[in-house]
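Engineer: Let me begin by handing over the structure; questions about it come next.
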Amino acid sequence: MGKIKELTKNTLFQLKEENLPTTPENYFIEFKNQAQISDVEIAEFELFNKIKEALTPNEIELSEINTFNHLAIILAKRVNEEELKKLINIFEEILKPFSDLELSQKIEEFILKILETPKNIILDESINMLKELANKRVDSDRKILKDKTNDIIKLTSLMSRYFDKTLSESENSGEDILKIKDELITLNMSEASQRELKVVQTKLVATIHKIENSIKTNCKIINDHKIQFNSLNEQIRKLQEELSIAREEKETDFLTNVFNRRAYHNEIEKIEKNYSIFNNNYAIIFYDIDHFKKINDTYGHTCGDSVLKNFAGILKSLTRTEDVIARYGGEEFIALINYEKEEEVLGYIKRVKKAITSTNFIYKEETIHIKFSAGISYRNKYDSYSDAKKRADELLYEAKSKGRDKIIFDNESEI
């Protein structure tokens with residue numbers, strides 16, 4: 001008790017010496033200082049330090065923390081458990097597969113476990129589990145779509161055989177239909193299609209049974225249907241081919257066969273979402289072919305086009321499918337490279353430089369040596385994608401201004 005009185009006396013004296021008002025906050029701060037000077041342990045201060053140590057580095061960096069009042073303000077800003085529970089329940093809806101009971105059960109068990117302690121959602125273990133479940137959900141839905149497509153192909157192929165046999169072998173059509181009916185009955189459907197296509201399968205069997213009894217009198221009608229069926233199939237096939245070509249042309253630069261600028265903007269939206277939700281790091285790389293105008297002026301635009309096409313081909317061959325390479329304009333290309341360690345990006349750009357410098361570009365028996373400049377920024381060092389892209393662009397022009405044939409990173413290192 002005597003020590004407390006002495007600390008109180010010293011605290012009031014020091015506040016007076018420093019001409020500070022005796023407010024609760026000033027008193028707490030000075031009393032804590034006096035206790036440290038006198039090496040006196042106070043339970044309240046131990047509790048204060050324990051709570052302060054439990055704060056996140058970001059909370060400590062952004063705030064001055066000297067009193068319980070400061071702690072209360074910080075803790076009040078934290079997301080409460082009810083808000084976290086709402087977010088976690090949304091994850092369950094997003095991850096729910098189309099039709100996979102085992103995976104659905106795993107997702108439900110994970111969500112229920114997290115709901116017991118919602119704050120655990122930010123742990124690396126939880127984030128990794130979310131990634132794993134998301135990948136499994138995509139694989140599951142892809143498999144189900146494939147199974148359903150195969151089942152539909154089975155049915156349509158069988159019906160096509162039915163039409164062919166009916167028209168080409170009219171004398172044995174009854175036997176053929178009986179055989180097809182038996183095949184339909186025993187047709188093996190995937191589990192994914194049991195509910196939907198099993199009904200279709202049953203109806204087809206019943207329909208063929210009816211056709212079996214009237215096939216001879218309806219041969220002409222069936223023949224007309226076959227013609228329409230084949231015509232429709234051909235129309236669908238052509239439309240699918242045209243749609244596929246149109247989609248590819250819409251997203252691909254016609255000259256270099258890499259993504260065009262429109263497709264690039266679609267891809268960056270996906271990659272930026274992965275960065276925001278799962279913290280998937282990626283780097284932005286701007287490429288520019290050195291002295292490209294001189295190549296055009298010396299050898300002509302046809303040669304320039306050939307250089308662009310071959311340069312893009314090398315970039316594409318060295319860039320993984322989960323990454324992005326696009327023509328950004330003229331002789332400028334941009335890449336988005338996913339990584340876990342920055343050394344991976346360094347290894348990638350070194351492989352590109354080695355491939356470009358060791359490749360002889362031949363045009364009409366002329367050997368053209370190509371060099372390039374590049375600027376590289378790492379997304380996690382910037383507040384936004386726009387800032388990171390802007391920095392990579394600035395580094396590219398810095399490389400060009402320093403004489404070209406340089407690659408500059410946003411840590412100012414060069415190769």
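Just so it is clear, none of the values below were taken in a lab; they were calculated from the coordinates. On a predicted model such as this, the values are computed, not experimentally measured, just so you know. Glycine gets a Cβ as well: all are built from the backbone with ideal geometry, and neighbour counts include every protein chain shown.
Engineer: Return the sequence-ordered ³J(HN,Hα) values of region 290-300 in whole Hz as given by the Karplus equation 6.51 cos²θ - 1.76 cosθ + 1.60 applied to θ = phi - 60°, using x for Gly and Pro.
Structural biologist: So the Karplus estimates, Gly and Pro as x, are 5, 6, 5, 4, 5, 4, 4, 5, 7, 10, x Hz.
Engineer: Under the rule of at least 5 residues apart or a separate chain, name every residue whose amide H is placed under 5 Å from the amide H of residue 363.
Structural biologist: Result for residue 363 returns 368.
Engineer: Count of lysine pairs in region 2-76 with Cα atoms under 15 Å apart, counting only pairs 8 or more residues apart in sequence or on different chains? Walk me through the numbers before you get to the answer.
Structural biologist: On the way: 3/32; 5/32; 9/32; 32/50; 32/52.
Qualifying lysine pairs in region 2-76: 5.
Engineer: Right, another one. When only Cα pairs under 8 Å and 6 or more residues apart are kept, what is the percent relative contact order across region 261-409?
Structural biologist: Taking the mean separation of contacting Cα pairs over the length of region 261-409, I get 30 percent.
Engineer: I want to verify the translational diffusion coefficient of region 2-76 in µm²/s; compute it with Stokes-Einstein, Rh as the Kirkwood radius over Cα pairs, at 10 °C and 1.306 mPa s.
Structural biologist: Working: Rh = 13.3 Å.
Taking Rh from Cα pairs, D becomes 119 µm²/s.
Engineer: With charges set only on the Cβ (+1 for Lys and Arg, -1 for Asp and Glu), what does the dipole of region 2-76 come to about its Cα centre, in debye to the nearest 20?
Structural biologist: Around 280 debye, computed over region 2-76.
Engineer: Pairs of alpha-carbon atoms within less than 8 angstrom and 6+ residues apart define the contacts here; what relative contact order does region 2-76 have, in percent?
Structural biologist: Normalised by residue count, the contact order of region 2-76 is 26 percent.
Engineer: So who's got an amide H within less than 5 Å of the one on residue 372, skipping anything under 5 residues away but keeping other chains? H placed 1.01 Å off N, in plane.
Structural biologist: Close amide H contacts, sequence-distant or interchain: 290, 405.
Engineer: In addition: Take the alpha carbon atoms of region 17-64, find their center, do the same for region 327-346, and report the distance between the two centers in whole angstrom.
Structural biologist: 48 Å
Engineer: Past 24 Å, Cα to Cα: identify those pairs from 146/341; 106/143; 354/390, in the order given.
Structural biologist: Table pairs above 24 Å Cα-Cα are 146/341; 354/390.
Engineer: Please state the charge dipole magnitude for region 307-347, taken about the Cα centre, from unit charges on C-beta atoms (+1 on K and R, -1 on D and E), reported in debye and rounded to the nearest 20.
Structural biologist: 300 debye
Engineer: In addition: Work out from phi, with θ = phi - 60° and the Karplus expression 6.51 cos²θ - 1.76 cosθ + 1.60, the ³J(HN,Hα) of each residue of region 275-286, listed in order in whole Hz, and give x for Gly and Pro.
Structural biologist: 5, 5, 7, 10, 6, 6, 6, 8, 10, 10, 10, 9
Engineer: Another one. Would you mind checking which residues have amide H under 5 Å from residue 328's amide H? H placed 1.01 Å from N; only 5 or more apart, or other chain.
Structural biologist: Excluding prolines and chain starts, which carry no amide H, the hits are 333, 334.
Engineer: Then there is this: Convert each backbone phi in region 256-273 into a coupling constant with the Karplus relation 6.51 cos²θ - 1.76 cosθ + 1.60 (shift: θ = phi - 60°), then list the ³J(HN,Hα) values in order as whole Hz, x for Gly and Pro.
Structural biologist: 9, 6, 10, 4, 8, 5, 4, 5, 4, 5, 5, 5, 5, 4, 5, 5, 5, 5
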